[in-house]
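Asks: There's a structure below that I have some questions on.
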């Protein structure tokens, strides 16, 4: 599957303001500055579709993008605010947390959540806690290890293994995972193929 076109639709402050839930939807989330916008731009082939920034916490709303793929299906990509560090007030962080939880748990057409993990680092407690919370909520998700081009040889695989090992205490079967780079486009074909498979099983609400 390839992406024919992608366009920005709307930014919403709550899940109730999101577009009609009438097509498959795939949301991307991770710690601030993990490379969400860069990954979305790489997947869609449009370098300016999602706004990128070196400043953590730049994404503050639920950002929807409409995608048309080569199988003539329309579906949505969603760029969610990052969790973790951001130079904002505690009140703002709480508001983001409530907005993200409501979207994840109540958005009826959310097919899969892509949880981005920075492959340059050892397992971070905030990522592990978030993933375990998804398990309690029974949210379907996959892991996407980002920025693999910025690692020394072998570091990506080592950090990936360490992360999956850290999850093994809570998960009998590790979640699916992909190794990606917005620079080299690694992982693009695999992620799009996975989305294409999920699109085939989507039932209109």
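The values are calculated or read from the model by the stated rules, or taken from the named source; none is laboratory data. What you are looking at is a predicted structure, and each value in this text was computed from that prediction instead of being measured. Using ideal geometry, Cβ is built from the backbone for each residue, glycine included, and neighbour counts are taken over all protein chains shown.
Asks: Suppose the filter is assigned to a helix (DSSP H, G or I) and surrounded by 13 or more Cβ atoms within 10 Å (Cβ to Cβ); does residue 163 pass it?
Replies: So residue 163 fits the description; yes.
Asks: Now, a different point. Can you name every residue in region 129-147 that is surrounded by 13 or more Cβ atoms within 10 Å (Cβ to Cβ), over 13 Å from residue 29 (Cβ atoms) and modelled with pLDDT under 95?
Replies: 132, 135
Asks: Residue by residue through region 126-141, note down the ones that are outside any loop (DSSP other than H, G, I, E, B) and touching a helix residue (DSSP H, G or I) at 6+ places or on another chain (Cβ under 7 Å).
Replies: Correct list: 128, 131, 137, 141.
Asks: Within region 142-160, track down each residue that is over 26 Å from residue 197 (Cβ atoms) and assigned to a helix (DSSP H, G or I).
Replies: Those that are over 26 Å from residue 197 (Cβ atoms) and assigned to a helix (DSSP H, G or I): 149, 150, 155, 158, 159.
Asks: Please go through region 7-24 and pick out each residue that is farther than 12 Å from residue 73 by Cα, in contact with a strand residue (DSSP E or B) (Cβ under 6 Å, 6 or more places away or on another chain) and crowded, with 18+ Cβ neighbours inside 10 Å.
Replies: The one that is farther than 12 Å from residue 73 by Cα, in contact with a strand residue (DSSP E or B) (Cβ under 6 Å, 6 or more places away or on another chain) and crowded, with 18+ Cβ neighbours inside 10 Å: 18.
Asks: What number goes with the only condition from (1) surrounded by fewer than 13 Cβ atoms within 10 Å (Cβ to Cβ); (2) at pLDDT 95 or above; (3) assigned to a loop (DSSP other than H, G, I, E, B) that residue 185 does not pass?
Replies: For residue 185, the failing item is (1).
Asks: If the requirement is being in contact with a helix residue (DSSP H, G or I) (Cβ under 8 Å, 6 or more places away or on another chain) and closer than 27 Å to residue 73 by Cα, which of these qualifies: 186, 166?
Replies: The conditions single out 186.
Asks: Mind telling me which of the residues 73, 87 ends up being surrounded by fewer than 20 Cβ atoms within 10 Å (Cβ to Cβ), modelled with pLDDT under 95 and more than 25 Å from residue 127 (Cβ to Cβ)?
Replies: 73
Asks: Report the residue count in region 189-205 for those that are within 12 Å of residue 73 (Cβ to Cβ) and outside any helix (DSSP H, G or I).
Replies: The qualifying residues number 2.
Asks: Tally time: how many residues in region 116-125 are at pLDDT below 95, under 14 Å from residue 143 (Cα atoms) and not in a loop (DSSP other than H, G, I, E, B)?
Replies: 0
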